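Notes to accompany the following structure.
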Amino acid sequence: MTQPNPSSVVAVTGGYVVPITSAPLDGGTVLLVDGRITAVGHDVEVPAGARVVDATGRWVLPGLVEAHGHVGVAEEGEGREGDDVNEMTGPDMAGVRALDGINVDDEGFRDALSGGITTVVVKPGSGNPIGGQTVAIKTWGGRTVDEQVISEAVSIKSALGENPKRVYGDKKQLPSTRLGAAKVIRDAFVEAQHYRAARDAAAAKDEPFARDLGLEALARVLDGELAWDQHCHRHDDIATALRLAEEFGYRLVLNHGTEGHKLADVLAERDVPVIYGPMFTSRSKPELRDRAMTNLAAMAAAGVRVAITTDHPVVPINYLVHQATMAVKDGLPRTTALEALTTNPAAFMGLEARVGALEPGRDGDVVLWSADPLDVHSRVEHVLVEGVTVYTWDAEAARGRVVERAERFSGR
């Protein structure tokens, strides 16, 4: 058997290990080889020459997963120049990709590391009924964003309710009502069905076929390759989302779901997951009148699978874990809260083979916390992304330190 190069082996030892998918281990070891987890347990043999990260007295968890953020496309402190969230020049923007607007030097990525977040699904905004394609990336690692991509085949962002109604109503064009927004989505999928049939017929005859980037993306939703990320708050918009998903047979993931508790039994029965939040906000618009952290606990109690989002920069991304803490205060079970930050968002976005848990085969994204992460006094002290230390807390200086791209790629 070929032995791994010791320089590529990292052992996180002596901590209170919380794998998420199995019982916690006090004094456990997480072994990483070539950026992947190879072993988790009490009796893990640490190869000679491995780099050892002493986690004694600390909690060890997988990197957290933010399933709905705009980090990199809504750059902090940059104003209009850094705002690439919404391409609001037409209600159907299925052909645009968040990937093409991400700046990996956005300060939000550094904040993400300080909050223990190693994976984020970056999404276009909610100004359009069909906003565009999302992308799952690591929060650190690349000279360009392409080197941080986990998957481009994640989802398409869509919006119902107040946002597209306001945007296009102000322009006095379709859609200026909830009826119109649903029509835009319905028309687009009918066209995508025709497009897919014509494309497949041309392929069967080995004939040329003119590509349409938007319809091609929607066909991937119909084929089940991409999820349909549906922004909606009110229960009537959630009902419309369910109606459209049933009509066209796509995989629905609710984003925000503010009034999801009013249809919790239906969501549970249909196994429609909810990415809930942001939670640290006021009732800033009519759709949020019934906003309450207890709504999340009510959905979970009914059997709805849930994740938690900051909707960064609506709420700073590093506050993701604090939202979970407050949700526990308001009735969400602790186990569910940790799942809502890790395994659940990974599964909703089709990333469970890579991230969301400490188990062999997944990426070596490991976070050391000073104590229980759901204790508001706890802080992130050490972050590894694919086995590389990328963030450490400097207690003497009372600040965190990120390994910057310039350091990593110097000399290349």
For segment 147-195, what are the residues that are of a type in the set (Val, Ile, Thr), touching a residue at least 12 places away in the same chain (Cβ under 8 Å), assigned to a helix (DSSP H, G or I) and open to solvent by 10 Å² or more (accessible area, probe 1.4 Å)?
Val167, Val184
Answer with yes or no whether Thr240 is open to solvent by less than 10 Å² (accessible area, probe 1.4 Å), touching a helix residue (DSSP H, G or I) at 6+ places or on another chain (Cβ under 9 Å), touching a residue at least 24 places away in the same chain (Cβ under 8 Å) and of a type in the set (Ser, Thr, Tyr).
no
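In contact (Cβ under 8 Å) with a residue 24 or more places away in the chain, within 19 Å of Met299 (Cα to Cα), of a type outside the set (A, V, I, L, M) and open to solvent by 10 Å² or more (accessible area, probe 1.4 Å): is that true of Arg270 in this structure?
Yes.
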Tally, over segment 283-306, of residues that are within 16 Å of Glu162 (Cα to Cα) and assigned to a loop (DSSP other than H, G, I, E, B):
6
If I ask for residues that are open to solvent by less than 20 Å² (accessible area, probe 1.4 Å) and not hydrophobic (A, V, I, L, M, F, W, C), which ones from segment 196-218 would you list?
Gly214
Of the residues in segment 101-138, those that are of a type in the set (D, E, K, R), open to solvent by less than 10 Å² (accessible area, probe 1.4 Å) and either in contact with a His (Cβ under 8 Å, 6 or more places away or on another chain) or part of a helix (DSSP H, G or I) (or both) number 1
Residue tally, condition surrounded by 14 or more Cβ atoms within 10 Å (Cβ to Cβ) and part of a loop (DSSP other than H, G, I, E, B), over segment 273-282
6
Those residues of segment 348-368 which are more than 19 Å from the chain's Cα centre (by Cα), open to solvent by 10 Å² or more (accessible area, probe 1.4 Å) and either without any contact (Cβ under 8 Å) to a residue 40 or more places away in the chain or closer than 17 Å to Asp26 by Cα (or both), in sequence order:
Glu359
Being outside any loop (DSSP other than H, G, I, E, B) and either closer than 15 Å to Val367 by Cα or within 24 Å of the chain's Cα centre (by Cα) (or both) is the filter here; which residues of segment 26-40 pass it?
Gly28, Thr29, Val30, Leu31, Leu32, Arg36, Ile37, Val40
Segment 11-25, residues that are closer than 17 Å to Arg362 by Cα, crowded, with 16+ Cβ neighbours inside 10 Å and among the small types (Gly, Ala, Ser)
Ala11
For Thr325, which of the numbered conditions (1) in contact (Cβ under 8 Å) with a residue 24 or more places away in the chain; (2) in a loop (DSSP other than H, G, I, E, B); (3) in contact with a helix residue (DSSP H, G or I) (Cβ under 8 Å, 6 or more places away or on another chain); (4) farther than 19 Å from Asp236 by Cα fails to hold?
(2)
I'd like to verify a number: residues in segment 296-316 that are surrounded by fewer than 19 Cβ atoms within 10 Å (Cβ to Cβ) and among the β-branched types (Val, Ile, Thr), how many?
1
Just the residues that are surrounded by fewer than 20 Cβ atoms within 10 Å (Cβ to Cβ) and among the small types (Gly, Ala, Ser), please, taken from segment 379-399.
Ala395, Ala397, Ala398
Of the residues in segment 85-100, those that are buried (at least 23 other Cβ atoms within 10 Å of the Cβ) and assigned to a helix (DSSP H, G or I) come to Ala98
Counting only residues in segment 63-83 that are at pLDDT below 95 and assigned to a loop (DSSP other than H, G, I, E, B), the one surrounded by the fewest Cβ atoms within 10 Å (Cβ to Cβ) is identified as Gly77
Contact list please: Cβ distance under 7 Å, first residue in segment 285-301 and within 14 Å of Val274 (Cα to Cα), second residue of a type in the set (D, E, K, R), pairs at least six apart or on different chains.
Met293/Asp330; Ala297/Asp330
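The values are calculated or read from the model by the stated rules, or taken from the named source; none is laboratory data. Computed from a predicted structure; not experimentally measured. Here Cβ is always computed from backbone atoms with ideal geometry, including for glycine, and neighbour counts include all displayed protein chains. With ligands, DNA and RNA removed, areas are computed over all heavy atoms of the protein, side chains included. Shrake-Rupley method; radii C 1.70, N 1.55, O 1.52, S 1.80 Å.
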